[in-house]
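Below is one structure, written out as structure tokens, with a few remarks after it.
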Amino acid sequence: MAFVRHESSYRHNAKPAYDWFLFIPLGRPSSAEGYAQIQDPAWQDYKKETGGLFKSRSDIEDALDFIGWYNNKSNKLLGISKWDPQRLYLAYHEGQGGYKRGTYRNKPGLMGIAKRVELTARQYGAQLRQCEDQFKCHGWYQVWPFCR
């Protein structure tokens, strides 16, 4: 969810802004679109691997599934811990090849965003744990939703 927050601010139809020459639109700098700002080549790989004929980048469930799929690949290919949102985001943003080459090191703005993604992920994790505790039953005799 932290990736979506920082990629599109939860807008289902987000796309990069157009590049302009004076008043002439030159097109978008990338094919990224949707909640997770997924580019065409990565989206095609995902659909091929997961059999996602009817998946959409503007569907939050599909976008989150893509992020999980991509992060799992980054974990296996690059050895990034699944509990390291900052490095996972850098691999997500730069691509796994770019991450391997260290292209993010020359981008201080991106490093700042990756740190904010990590803080957001930790905040969301704390909120989730708080919610889980609120609805958890603590005795064998309790039945949700009457646990409290």
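Each reported figure results from applying straightforward, stated rules to the coordinates on display, with no laboratory input. On a predicted model such as this, the values are computed, not experimentally measured, just so you know. Counting neighbours? That spans all protein chains shown, and the Cβs are built from the backbone with ideal geometry, glycine included.
Here N13 clears all of (1) more than 13 Å from the chain's Cα centre (by Cα); (2) assigned to a loop (DSSP other than H, G, I, E, B); (3) crowded, with 16+ Cβ neighbours inside 10 Å except the condition numbered (3). Any residue that is touching an Asp or Glu at 6+ places or on another chain (Cβ under 6 Å) and closer than 14 Å to H6 by Cβ - is there at least one of those in region 98-120? No, there is no match, as no residue in region 98-120 is touching an Asp or Glu at 6+ places or on another chain (Cβ under 6 Å) and closer than 14 Å to H6 by Cβ.
Does P108 satisfy the condition of being without any contact (Cβ under 8 Å) to a residue 40 or more places away in the chain and over 19 Å from P41 (Cβ atoms)? Judged against the criteria, P108 is a match.
Of all residues in region 24-57, those that are part of a loop (DSSP other than H, G, I, E, B), aliphatic (A, V, I, L, M) and more than 22 Å from M1 (Cβ to Cβ) total 1.
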